[in-house]
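The values are calculated or read from the model by the stated rules, or taken from the named source; none is laboratory data. Small disclaimer: the values here were computed from a predicted structure and weren't measured. Ideal geometry is used to build each Cβ from the backbone, glycine not excepted, and the neighbour counts take in all protein chains shown.
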Amino acid sequence: MEKYTDYIIDTAKKLLAIPSPTGFTHMAANFVKKELEGMGYEPVLTRKGAVLCDLGGKDTEHGLLLAAHMDTLGAMVAQIKSNGRLKLTNVGGLNPNNTEAENCKVYTRDGKCYDATFQLTDASIHVNGDYSDTKRTYDTMEALLDEPVHSAEDVGKLGIMAGDFVCFDPRTVVTKNGYIKSRFLDDKLSTCILLGYAKYLKEEQVQPKRQVYILITSYEEVGHGGAASIPENVEEMISVDMGCVGEGLGCDETMVSICAKDSMGPYDYQVVSRMVELAKEQSIGFAVDIYPHYGSDVDAALKAGYDIRHGLIGPGVYASHGYERSHRIGAENTFRLLCAYTVA
Ligand SMILES: [Zn+2]
């Protein structure tokens, strides 16, 4: 198992380094597709840019879909200001309060890339008397290009336009004792857990009880990632997405979180109960939790009208949508629960 956890963490470092805010996921999709092809699978790119892959299995009548998302939070250029600074708009729930002073890159549609920093407008504390009291919003903050630009015209000459994607530095750090800190662990860590699971099935020549597909979606952060591309024989779908860690919840970063209810309501009774039973049986570190402000890809699938049983599990992630933290043991526990649920 250790070997697959190593693979999950190493692959997560690579995937985290590939920018993929919602709507700009093509590079991440290529990476995921190539990883699966390298293992001997035949993944396909769906029309809306997700990666779907059949991992095989004995019972082909009752399919199971495991979904994670490769799209992340990010931003887009909303306006080039007359002084050459960029006003941004969020892509997904990127919060200005925890993106202040972060490095980012602006990707133009003609293939150029420029460095920038997201700062409070008038960010010198020795100059701006309102520095501490200003509320951080997309109106009070701006991207400062690391280019000698002083006007909208200067910026235009670089090829930068409204609608260009702005991707934030993930700042990935893996500590010696197994903590993984990075932006966008949601949901690249789980995407890599599914890749690790696919690798395990292939290398150990294990056949799941039911036919298993993985779907790596590209529009989760805006609410419709899981709303399409679910194969005909799929009767059950599990979102493998970050588990919440915070006050009042039982999960920490070393556990797999089993979600009983999120903002759309309870998850399937049989699915949740079976996950809990297996985690207990196999001494997998877990917590059952209720997520007060959360929606998953499988919620999107249900809203789209799919008649499926649904579940949500994932490694505990602290400081979600900010500078997130998880742990390799949390990834391993999620991987083990997936194996127990589909193979044993
Ligand atoms: Zn997520």
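Values for this structure:
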{"read-out": "Subset of the stretch 279-293 [in a helix (DSSP H, G or I) and more than 17 Å from C251 (Cα to Cα)]", "value": "E281"}
{"read-out": "Top-ranked residue of the stretch 294-307 - restricted to ones that are more than 12 Å from the ligand (Cβ to nearest atom) and surrounded by fewer than 24 Cβ atoms within 10 Å (Cβ to Cβ), ranked as nearest to A68 (Cα to Cα)", "value": "L302"}
{"read-out": "Residue that is nearest to D241 (Cα to Cα), among those in the stretch 171-202 that are within 17 Å of the chain's Cα centre (by Cα) and of a type in the set (S, T, N, Q)", "value": "S190"}
{"read-out": "Subset of the stretch 111-139 (residues that are in contact with a strand residue (DSSP E or B) (Cβ under 9 Å, 6 or more places away or on another chain), without any contact (Cβ under 8 Å) to a residue 40 or more places away in the chain and in a loop (DSSP other than H, G, I, E, B))", "value": "T121, A123, N128, Y131, T134"}
{"read-out": "Set Y41, Y114: member being among the hydroxyl-bearing types (S, T, Y) and crowded, with 21+ Cβ neighbours inside 10 Å", "value": "Y114"}
{"read-out": "Members of the stretch 308-335 that are surrounded by 23 or more Cβ atoms within 10 Å (Cβ to Cβ) and in a helix (DSSP H, G or I)", "value": "R328, G330, A331, E332, N333, T334, F335"}
{"read-out": "Every residue from the stretch 167-215 that is among the hydroxyl-bearing types (S, T, Y), away from the ligand (no atom under 15 Å from the Cβ) and crowded, with 18+ Cβ neighbours inside 10 Å", "value": "T172, Y197, Y200, Y213"}
{"read-out": "Residue check for Y291: within 16 Å of the ligand (Cβ to nearest atom), touching a Cys at 6+ places or on another chain (Cβ under 9 Å) and under 19 Å from L64 (Cβ atoms)", "value": "no"}
{"read-out": "Condition met for A78 (under 23 Å from D241 (Cα atoms), touching a residue at least 60 places away in the same chain (Cβ under 8 Å) and of a type outside the set (D, E, K, R))", "value": "no"}
{"read-out": "So S257, is it closer than 15 Å to L337 by Cα and either under 22 Å from the mean Cα position of the chain (by Cα) or within 16 Å of the ligand (Cβ to nearest atom) (or both)", "value": "yes"}
{"read-out": "Unique residue being more than 15 Å from the ligand (Cβ to nearest atom) and of a type in the set (V, I, T) when the list is V317, V272, V240, V245", "value": "V272"}
{"read-out": "Only listed residue being modelled with pLDDT of 95 or more and in a loop (DSSP other than H, G, I, E, B), chosen from V106, V149, V155, V166", "value": "V149"}
